[in-house]
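Data block below; observations after.
The values are calculated or read from the model by the stated rules, or taken from the named source; none is laboratory data. Everything numeric in this text was worked out from a predicted model, so none of it was measured. All Cβ positions, glycine included, derive from the backbone under ideal geometry; neighbour counts span all protein chains shown.
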Amino acid sequence: MSFVVHSSSLELTAEEKLYAQEKAEKLLHFSKQAKTEESVEVKFEIEKYNGKDKLHQFICTITVHIPGKVLHAESYGTGVYSVIDDSVKKAEIQIKKEKEKHIHL
């Protein structure tokens, strides 16, 4: 089992990286398959708005590699923690759906 947290065009604090890693680790608890084959990658980017508010938009992409599948979840928002939470929720849904497919076979 491996975890990779990286960012491009912005510098994450140690707390933000730790938060992302803790959330990503929880994703693998949904799977009962061999965890040595699984990995989670969390990628952060920043996009600048040219609108009136001139806010930055964070993009969080979570990629989960499980045996036989690669799942992607992406979220956009103005807060680092909120985009992490949204991406993790989306990834959880995908993992649960994948698990249900194999249970009903």
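Tabulated values for the structure
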{"item": "Residue in segment 20-31 that is under 19 Å from residue 78 (Cα atoms) and at pLDDT 80 or above present", "result": "yes"}
{"item": "Scope segment 62-82; condition touching an Asp or Glu at 6+ places or on another chain (Cβ under 9 Å) and either under 14 Å from residue 23 (Cα atoms) or of a type in the set (A, V, I, L, M) (or both); matching residues", "result": "62, 63, 64, 66, 71, 73, 80, 81"}
